[in-house]
Amino acid sequence: MWHPFTQHGLEEPVPLVTHAEGALLHTADGRAVVDAVSSWWVTTHGHGHPRIKAAIAEQAQKLDQIIFAGWTHEPAEQVAAGLRAIMPESLTRVFFSDSGSTSVEVALKMALGYWHWRGEDRHRIVVMENSYHGDTIGAMSVGERGVFNQPYAPLLFDVGRIPFPAAGAEQQALDALEALCRQPDTAALIVEPLILGAGGMLVYSPETLAAMHAICARYGVLFIADEVMTAWGRTGTLLACEQAGIVPDILCLSKGLTGGAVPLAVTMASEPIFEAHYSTDRARMFFHSSSYTANPIACAAAAANLAIWREEPVMDRIAALAGKQAAWIEKLGQFCHFDNPRTLGTVAALDLRTSGTSGYMSDLAPRLMAFFRERDVLLRPLGNTVYAMPPYCVTDDQLAQVWNAIGEAVISF
Ligand SMILES: *Cc1c(COP(=O)(O)O)cnc(C)c1O
């Protein structure tokens with residue numbers, strides 16, 4: 001096998017996982033590991049939520065797969081209706097795909113199609129420094145450039161860039177955005193609202209996000225919110241955009257959409273974007289699909305997730321976890337030293353003070369990962385940034401295990 005984001009030349013160990021429940025992963029060699037990264041930010045309620053498991057099993061008996069061009073099915077109808085009920089009212093259209101990257105590709109194509117069919121030559125996408133939107137060519141084009149995508153740089157398209165609005169530097173970012181929005185060829189802004197995940201869990205303020213939205217609205221530039229990581233309560237609210245009181249024109253959702261059980265994504269769009277493609281002319285249809293668009297089994301898992309959100313006290317669990325994460329990072333700060341402690345909802349991060357190189361490509365992160373693995377904790381630092389993002393069902397003991405390991409790491413590295 002060829003594993004993702006893995007350098008096989010360094011013989012990084014690849015443990016075999018046999019089963020998982022709640023926040024615990026069980027390995028073939030008998031270890032129980034706390035999943036403190038929610039299996040790459042997807043697992044919200046915990047592994048093996050009974051309702052999601054049951055929904056998948058039941059749907060597999062009824063309808064496994066059906067072409068979604070010109071056909072529909074009950075689980076997809078349920079997901080669309082469920083999303084319409086809890087997501088902002090102006091996001092009237094639900095387009096299915098399979099991954100976060102694809103939901104971003106779809107969002108970019110929708111934005112360009114919108115301007116094209118309105119007869120305006122707008123095609124420039126504005127992005128934020130340090131962003132991550134996925135690993136396909138379009139998603140890489142709107143993400144941060146660097147060692148991750150250097151070989152592919154000749155194929156990546158040009159974008160407009162604004163600086164990251166760090167505390168104290170918000171106005172530069174807003175001014176840069178306004179200058180780009182004034183250009184007549186600017187089509188859309190794409191951002192990760194409030195927190196840049198893969199860029200290092202970098203947090204910026206709701207006020208800045210609201211100001212960015214206002215600038216886009218003033219110039220008619222479409223606002224695309226990539227909430228692939230931030231949605232489903234991760235930042236303390238259902239959507240991160242809520243904290244800024246804004247509604248995007250296009251919204252990307254994936255990761256927690258099925259509670260993290262199976263892959264599925266949606267791109268939600270406002271009515272004008274749908275209307276720009278609505279016609280009796282076949283040439284104006286939205287030319288995008290994948291074989292498994294709205295796969296019924298994946299949709300059944302998402303419908304179960306939506307039912308969990310409706311019927312279980314998910315927001316209470318999130319608020320409780322958010323409080324515990326904040327308490328742990330504060331407690332840690334009392335007996336050891338690190339930089340930039342930050343929490344946003346259920347996400348908590350800090351930067352290790354290390355001498356020497358600490359970038360993503362330094363050997364610090366793999367050494368830290370091994371250190372945590374020895375302590376039966378799955379953490380995957382980004383350079384010298386250590387973050388914990390556990391499923392909402394994590395127990396107090398499991399959380400203590402995670403933070404004690406982080407505390408030891410702060411002292412040891
Ligand atoms: C993970 C992520 C993606 C990509 O999602 P995949 O399912 O891995 O393709 C896109 N945007 C953000 C903000 C992400 O965190």
(request) Keeping all protein chains in place, calculate the accessible area per residue for the chain (probe 1.4 angstrom), answer in Å². (result) 45
(request) At a temperature of 37 °C and a viscosity of 0.692 mPa s, determine how fast the stretch 293-363 diffuses translationally according to Stokes-Einstein, using the Kirkwood radius over alpha-carbon pairs as Rh; express D in µm²/s, rounded to the nearest whole number. (result) 211
(request) Taking the Cα centre of the stretch 50-311 as origin, sum charge times position over the Cβ atoms of Lys and Arg (+1) and Asp and Glu (-1), and report the length of that vector in debye to the nearest 20. (result) 340
(message) Which log10 I(q)/I(0) values does the stretch 45-160 give at q = 0.13, 0.16 Å⁻¹ under the Debye formula, counting every alpha carbon as one identical point scatterer?
(response) -0.76, -1.00
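Please tell me the relative contact order of the chain in percent, rounded to the nearest whole number, where contacts are Cα pairs under 8 Å and at least six residues apart.
Details: 771 pairs, mean separation 93.3, N = 413.
Normalised by residue count, the contact order of the chain is 23 percent.
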(request) Quick one: work out Rg over Rh on the C-alpha atoms of the stretch 1-86, Rh as Kirkwood radius. (result) 1.09
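For the stretch 266-323, what D do you get in µm² per second when you plug the Kirkwood radius from alpha-carbon pairs into Stokes-Einstein at 4 °C and 1.567 mPa s?
Values: Rh = 15.0 Å.
So the translational diffusion coefficient is about 86 µm²/s.
If you wrap a convex hull around the C-alpha atoms of the stretch 327-410 and split its volume per residue, what is the figure in Å³?
Values: hull volume 7.5 nm³, N = 84.
Considering the Cα atoms of the stretch 327-410, their hull volume per residue is 90 Å³.
Restricting to the chain, compute how many DSSP beta bridges are antiparallel as a %, nearest 5. Mind showing how you got there, number by number?
Numbers: 28 of 44 bridges.
The antiparallel proportion sits near 65 percent.
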(message) Please give me the summed charge of the neighbours of N384: other residues whose Cβ is under 9 Å from its Cβ, Lys and Arg +1, Asp and Glu -1.
(response) -1
(message) On the principal axes of its Cα set, how long, how wide and how thick is the chain? Give whole Å, largest value first.
(response) 64, 55, 43
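Between exposed GluC sites (Glu not before Pro) in the chain, where DSSP calls loop and at most 11 other Cβ atoms lie within 10 Å, what's the longest gap? Can you show the working numbers first?
Details: sites that count: E11, E89.
Free of exposed loop sites, the longest segment is 90-413.
Ordering R342, R145, R367 by accessible area with a probe of 1.4 Å, largest first, what comes out?
Numbers: R342 35, R145 80, R367 120 Å².
Accessible-area ranking of R342, R145, R367, largest first: R367, R145, R342.
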(message) Taking all protein chains in place and a 1.4 Å probe, what share, in percent, of the accessible surface of the chain do carbon and sulfur account for?
(response) 55
(message) What distance in nm lies between label points placed 7 Å from Cα along the C-beta direction at E12 and A217?
(response) 4.2
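Return the calculated 222 nm mean residue ellipticity for the chain, to the nearest 500 deg cm²/dmol, obtained by summing -39500 (n - 2.57) across DSSP H runs with n ≥ 4 and dividing by the residue count.
Details: 12 runs with 153 residues, N = 413.
Dividing the helical sum by the residues of the chain leaves -11500 deg cm²/dmol.
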(request) Between I86 and R353, take the C-beta separation as r, use R0 = 30 Å, and let me know the FRET efficiency to the nearest 0.05. (result) 0.10
(message) Need one value: the accessible area of Y360 in square angstrom, 1.4 angstrom probe, rounded to the nearest 10.
(response) 80
(request) Please report, in whole Å, how far the alpha carbons of the stretch 223-322 spread along each principal axis, starting with the longest. (result) 52, 33, 20
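The values are calculated or read from the model by the stated rules, or taken from the named source; none is laboratory data. Here the structure is a predicted model, which means the values were calculated and not measured. Positions of Cβ are backbone-derived with ideal geometry, glycine not excepted, and every protein chain shown enters the neighbour counts. What goes into the accessible areas is simple: the full protein's heavy atoms, side chains included, and nothing from ligands, DNA or RNA. Shrake-Rupley method; radii C 1.70, N 1.55, O 1.52, S 1.80 Å.
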